[in-house]
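Down below is the structure, laid out as structure tokens.
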Amino acid sequence: MMTASEWNRQHKAYEEDGYGYDINVQPKHRSKEHTGVVLLARDKLFILRAILLIGIMCIGVVITSAFVASVTYQNNQLKAQNAALQSEVDTLQTQVDSATNLSTVASKASDKLGMVFPDGRSYVEITSADKTQDGFAASLKKQAFD
């Protein structure tokens, strides 16, 4: 067994050698040597320019996409208007076809104007005094669409 005086002597010798019983919680200071990659100013400038260029390109893509969407929307509106106009043209063409149909013209000529198909014995002689002001085609057209 160790006496108290021996223990004190060993303890003081231990502390004098720099081995204390206290716990040092301060972090150790690192040396200022870098273990990573060192970037030079020109490298940093190159990286900054590359990032700016990529950002400008991304903004350009977004603006282009918005423009394409706008043009596509206008295109679809024009297609819808064209379809509506085409259906109206088809309706009017059907009305014109029915109004200028030979049987329609013949029935209007016989009913409203009293015209008949000629036989070999009867004929009408038209003089310049019998000529209409608007012309035969214009008056027939006017009566057909009334």
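The values are calculated or read from the model by the stated rules, or taken from the named source; none is laboratory data. Everything quoted here is computed from the prediction, not taken from an experiment. Every residue, glycine as well, gets a Cβ built from its backbone with ideal geometry; the counts of neighbours run over all protein chains shown. With ligands, DNA and RNA removed, areas are computed over all heavy atoms of the protein, side chains included. Shrake-Rupley method; radii C 1.70, N 1.55, O 1.52, S 1.80 Å.
Leu92 falls short of the stated requirement of being open to solvent by less than 100 Å² (accessible area, probe 1.4 Å), part of a loop (DSSP other than H, G, I, E, B) and without any contact (Cβ under 8 Å) to a residue 60 or more places away in the chain.
Considering Thr104, Thr100, the condition of being open to solvent by 70 Å² or more (accessible area, probe 1.4 Å), in contact (Cβ under 8 Å) with a residue 40 or more places away in the chain and in contact with a helix residue (DSSP H, G or I) (Cβ under 9 Å, 6 or more places away or on another chain) is satisfied by Thr100 alone.
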